[in-house]
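Enquirer: What follows is a single structure, and I will ask about it in a moment.
All of the numbers you see were taken from the coordinates with simple rules; none came from a lab. As the structure is a computational prediction, the values presented were derived from the model and not from experiment. Cβ placement follows ideal geometry from the backbone for every residue including glycine, while neighbour counts extend to all protein chains displayed.
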Amino acid sequence: MSVEIESHQVESIGVVAGLVWQYLSENEPVTLSKLSREIDAPRDLVMQAVGWLGREGKICFHKGSRSKLISLIEE
């Protein structure tokens, strides 16, 4: 099954990935729930942006006391 992603969708994910990266640089580590509440974008775009950053090796996931946390990877 082939799924086409329109260029504006990819661009939107990239823009939100930038917002996620900026937020994490100022507020890490945070839960995915808090991140999706704090970023001014639809939740599905925030989750896609997290996937994008994860695939690029920019973020890491940590086990918190009750849920997973995400933060930027130090370069």
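Enquirer: Relative contact order of the chain: what whole-number percent is it, with Cα pairs under 8 angstrom and at least 6 residues apart?
Expert: Numbers: 78 pairs, mean separation 25.1, N = 75.
Once normalised by length, the contact order is 34 percent.
Enquirer: Okay, moving on. Return the Rg/Rh ratio of the chain with Cα-based radii and a Kirkwood Rh.
Expert: The Rg/Rh ratio comes out at 0.99.
Enquirer: May I pose another question? Hey, with R₀ at 25 Å, roughly what FRET efficiency would GLU11 and LYS68 work out to, going by the Cβ-Cβ distance, to 0.05?
Expert: That gives a FRET efficiency of 0.35.
Enquirer: Simple spin-label model, 7 Å along Cα-to-Cβ: PHE61 to MET47 in nm?
Expert: Each label point lies 7 Å from its Cα, and together they span 1.2 nm.
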